[in-house]
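See below for the structure under consideration.
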Amino acid sequence: MGIQRLNHAVLYVRDVGRSVDFYRGVLGFRVVHQLPGAAFLQAPDSDNDHDLGLFEVGSGASASDAGRGSVGLYHLAWSVPTLSELRRHEQLLREAGALVGASDHVTTKALYARDPDGLEFEVSWLVPADHVTAQLRSEVAVLPLDIDAEVARWGSDLVGMA
């Protein structure tokens, strides 16, 4: 039996309440269990017990140096079903001051953002497998993301890969 999917991720954060507010307010996660210094959240359309665990380490914790001065996780990526959802998330992330980038990786359309502790994550839409041609698969690129152009190409409600 092979691995099927990522079941959940756990993040160390300075302030659990602040992080819960962010993930609930911006990404729509819901709290499924909370105790002092910890919270377990579930993504809006997930069937996991929880998708994100948050553990508080306090306000004195230093920023993650992963990728700059140490090894570590770069980011987590969550997918949305349609380009209209990706557009909605772009607006929510922009309004929250969290959006830090947007890229077109040919078969993946990605928004990059940071949570209140500066931990990076991605929200993406993936071209459905039955639309990925050999030509698309051979294109390796990182281009600026133009969601309007992608909607014109794929439609706003085409359901991408989960």
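The values are calculated or read from the model by the stated rules, or taken from the named source; none is laboratory data. Computed from a prediction, not measured in an experiment: that's the story for all the values here. All Cβ positions, glycine included, derive from the backbone under ideal geometry; neighbour counts span all protein chains shown.
Observations on the model:
- Only residues that are part of a strand (DSSP E or B) and basic (Lys, Arg) were counted across region 19-49, and they come to 1.
- Applying the criterion of being in contact (Cβ under 8 Å) with a residue 60 or more places away in the chain and of a type in the set (A, V, I, L, M, F, W, C) to the residues of region 7-44, the residue that is surrounded by the fewest Cβ atoms within 10 Å (Cβ to Cβ) is 9.
- Contacts under 6 angstrom Cβ, first residue in region 68-81 being within 30 Å of residue 147 (Cα to Cα), partner part of a loop (DSSP other than H, G, I, E, B) and at pLDDT 95 or above, 6 or more apart: 81/159
- Among the candidates 73, 83, residue that is at pLDDT 95 or above and not small (Gly, Ala, Ser): 83
Residue-wise test of (1) under 18 Å from the mean Cα position of the chain (by Cα); (2) of a type in the set (A, V, I, L, M).
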position	(1), (2)
13	yes, yes
16	no, yes
19	yes, no
23	yes, no
31	yes, yes
34	no, no
38	no, yes
45	yes, no
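- Residue count for region 106-162 under the criterion of being among the charged types (D, E, K, R), within 28 Å of residue 11 (Cα to Cα) and without any contact (Cβ under 8 Å) to a residue 24 or more places away in the chain: the result is 1.
- Exactly one residue out of 63, 98 is over 25 Å from residue 159 (Cα atoms), touching a residue at least 40 places away in the same chain (Cβ under 8 Å) and in contact with a Lys or Arg (Cβ under 8 Å, 6 or more places away or on another chain), and it is 98.
- Scanning region 88-119 for residues that are farther than 24 Å from residue 66 by Cα and part of a loop (DSSP other than H, G, I, E, B) yields 106, 107.
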